[in-house]
Structure formats: structure tokens, C-alpha cells
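First the structure, in the form of C-alpha cells, and then the observations on it.
Every read-out reported here was derived from the displayed coordinates using simple, explicitly stated rules and does not represent laboratory data. A quick note: this is a predicted structure, and the numbers were derived from the prediction, not measured.
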């Protein structure tokens, strides 16, 4: 028998849109994908998929945000 506590939870509909919008806002505020993974507990792939779902303009890999937190 499968342990239901180990099952993956799926985000659908409004919950997915809200999660994607929240991640997009935090990413645009300067959070890295790695930070979003740590903060949310989502996998790297899930964070990236949600950012893509929200049509987020991604920074180049390894890019650092400018000093002073400017966007």
C-alpha cells in the first residue's frame, strides 16, 4: 500500500496561478531560483516551471543582481 504522505501535491488552477505570481514577484525582487527552492520546499524543476508559467523573464545563469538591489 502506498503511503499518501509521500505523494506529490499538484498545483492546479487558481492555486498554480497564485504560486506562480508569488514566485515571479519574489524573483523580480532579486531572489535566486535556489533561494526560492529553499524557501518554498519545491524542487528546482517545479520553481522553474512555475516561473515559466508566469512568463517570467529569466536572468542569465550565474548573473548577480546589481549592488543596491536595483532591478
Practice prompt. Return a whole-number percent for the relative contact order of the stretch 13-57, with Cα pairs under 8 Å and 6 or more residues apart as the contact set.
Written response: 47
Worksheet item: Can you give the translational diffusion coefficient of the stretch 13-57 in µm²/s, computed by Stokes-Einstein from the Kirkwood radius over Cα pairs at 10 °C and 1.306 mPa s?
Response: 157
